[in-house]
Amino acid sequence: MDRSGQLDESIRNQAISYLIDKFSSSGTKIGWLMIASIFVESWDLYSISFILIFLSKIFHPSALLLGLTAAGTQGGAVIGALLGGWLADRIGRRKIFLSTMVIFMVVGLAQAFSPNMIVLAALRLILGVPLGMDVASGYTYIMEYMQKGKREVMGNRWQFMFAVGEISAIAAVAILLYAGVSPHILWRIVLGASAIPALVIFVLRYNLPETAIWLIEKGRYVEAKKVTKEMYGDSLSMLPDRDEAVEKVKLSRFLSEIRKDRIKWRSSVYGWIACFAQSSEFSTFAFYIPVLFVLLGVSSIIGTDLITLGIYFVAMISGLVGPAILPKIGQRRLSIYGFGIVLIALIIAAIAIFTHLLIILPFVAALMLWGHYWDAENVMTIPSMVAPPKYKATSSGFAYVFVKLPAFLSIFLFPAFFDAIGKGPATLFTAIFPLIGLLSAILILPEVYGYKEVQATPS
């Protein structure tokens with residue numbers, strides 16, 4: 001690279017490093033708008049777990065088709081995460097997060113008019129694509145618009161929002177059941193209703209600007225200075241008042257780039273492992289909590305709905321406590337505590353099933369979800385935060401693949417596995433996942449709370 005190129009890169013790094021430490025009063029609002037999209041995903045994921053029993057009775061699908069319908073959005077999200085991260089780094093974050101909500105509104109509403117299970121399964125596969133894309137771009141917005149130290153806390157709040165979506169979906173199903181709504185109508189209302197929060201989020205996001213850091217990376221200094229003046233009251237005097245052509249980033253190189261830095265690499269590897277572990281533990285045991293309670297005779301369907309509602313209130317509290325204590329204990333200890341609690345809870349749950357002490361299952365499930373919300377909180381935050389700005393969305397999307405791929409496989413295949421080996425052994429088998437997460441947190445993860453991924457380089 002020639003001398004002028006080195007100078008230009010230095011200026012960009014200086015500006016980006018400055019913004020990472022800069023507080024914006026709008027940053028928190030933007031962070032919550034990004035996290036809000038998790039509500040849409042959570043509503044979809046958990047509402048389907050409650051209406052599977054109705055879909056089965058109405059359409060009489062094969063076990064394979066029923067599993068595909070339940071897991072469809074997870075499979076689509078794998079594609080969406082990879083595509084969305086790549087596109088967000090290439091064409092910008094704003095275009096992606098606006099388009100995702102439009103797609104979700106259309107396809108989410110279309111679910112309510114599905115004539116059969118084959119169409120519904122296909123729509124849910126398509127629906128997963130914008131969900132995966134949105135998370136990849138949304139986490140990038142949080143990391144690029146919020147101050148170091150605060151962005152980690154906001155990123156970790158995604159599990160709180162997940163609990164809000166789950167509670168809302170459970171409450172909606174319970175109210176419709178109590179009101180005597182026919183199952184033939186109920187499932188259409190619940191799935192189609194996901195378009196409403198998507199519309200609200202789209203409207204609230206519409207006027208948000210592109211992130212200044214992405215504009216700087218692309219050499220679009222004029223627009224970047226305008227955005228920072230609006231968001232931070234600072235027009236970045238270190239940047240020139242003209243745009244310049246910047247060499248295009250080859251996004252395929254992001255893995256080799258983060259391998260150059262020990263902290264970036266170890267943190268990212270941990271993030272991928274932890275994404276897989278927490279997703280697998282939830283998608284095998286927690287996703288099937290309503291079904292498990294009914295099969296074990298814990299309660300009726302509506303009784304199970306109410307018990308599960310109580311369990312997720314506990315999870316929601318955990319989702320608030322985790323980010324609140326993060327500045328005191330750090331990301332590493334939060335992960336260790338979370339995976340450790342889940343491991344203990346699943347072992348107790350397996351013992352309860354083997355010994356027929358079914359009365360304790362709701363309490364164990366609450367304990368399991370408390371730990372799960374802690375171990376899952378930072379799995380997207382960490383790889384998104386440590387990645388270099390030019391690869392940040394790609395890194396976020398890549399990490400989310402490790403959330404959605406095991407979720408798809410677990411939800412799709414676990415029912416057959418569940419039936420083949422029995423409830424107790426299947427629950428005990430699930431304990432492998434938090435064990436993997438716990439060991440990786442102890443052995444791999446460095447403490448990265450307050451980490452700064454870009455340092456200003458001297459010109």
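A short reminder: the numbers here are calculations on the coordinates, not readings from a lab. Note that this is a predicted model, so its numbers are computed, not measured. Heads up, the Cβs are rebuilt from the backbone with ideal geometry, glycines too, and the neighbour counts pull from every protein chain shown.
In the neighborhood of Arg151, defined by Cβ-to-Cβ distances under 15 Å, what is the net charge if each Lys or Arg adds +1 and each Asp or Glu adds -1?
Values: positive: Lys22, Lys29, Arg93, Lys148, Lys150, Arg157, Lys392, Lys452; negative: Asp21, Glu144, Glu152, Glu377, Glu453.
My count for the surroundings of Arg151 gives +3.
Under 8 Å for C-alpha pairs, at least 6 residues apart: give me the relative contact order for segment 32-123, rounded to a whole percent. Write out the running numbers ahead of the final one.
Details: 32 pairs, mean separation 32.1, N = 92.
For segment 32-123, the relative contact order is 35 percent.
Using a 10 Å Cβ count of at most 15 others and DSSP loop calls, identify the longest part of the chain lacking such trypsin sites (Lys or Arg not before Pro). Could you put the intermediate results ahead of the total?
On the way: sites that count: Arg242, Lys248, Lys250, Arg259, Lys260, Lys452.
With a cap of 15 other Cβ atoms within 10 Å, the longest stretch comes to 1-241.
Before rounding to the nearest 500, sum -39500 (n - 2.57) across all DSSP H runs of length at least 4 in the chain and divide by the residue total; then give [θ] at 222 nm in deg cm²/dmol.
Details: 20 runs with 352 residues, N = 459.
After summing the helix terms and dividing by the residues of the chain, the value is -26000 deg cm²/dmol.
If the limit is 24 Å between Cα atoms, which of Lys95/Lys248; Lys148/Lys390; Lys328/Lys390 go over it? Don't skip to the end; give the middle numbers.
Values: Lys95/Lys248 19 Å; Lys148/Lys390 18 Å; Lys328/Lys390 30 Å.
Table pairs above 24 Å Cα-Cα are Lys328/Lys390.
Can you list the HN-Hα couplings for segment 30-35, worked out from phi with the Karplus curve (6.51, -1.76, 1.60; θ = phi - 60°), rounded to whole Hz and with x for Gly and Pro?
4, x, 5, 5, 6, 5
Report the extension gain between Gln147 and Thr355 in nm, rounded to one decimal, defined as 0.36 nm multiplied by the number of residues separating them, less their alpha carbon distance.
Working: separation 208, 0.36 × 208 = 74.88 nm, distance 5.06 nm.
Extending this stretch completely gives an extra 69.8 nm.
For the chain, what class follows from the C-alpha gyration tensor (a ≥ b ≥ c being the square roots of its eigenvalues): rounded when a/c is under 1.5, otherwise prolate if a/b is larger than b/c, else oblate? If you can, show how the numbers build up before the last one.
Values: a/c = 2.21, a/b = 1.64, b/c = 1.34.
It is prolate, given that a/c is not under 1.5 and a/b is the larger ratio.
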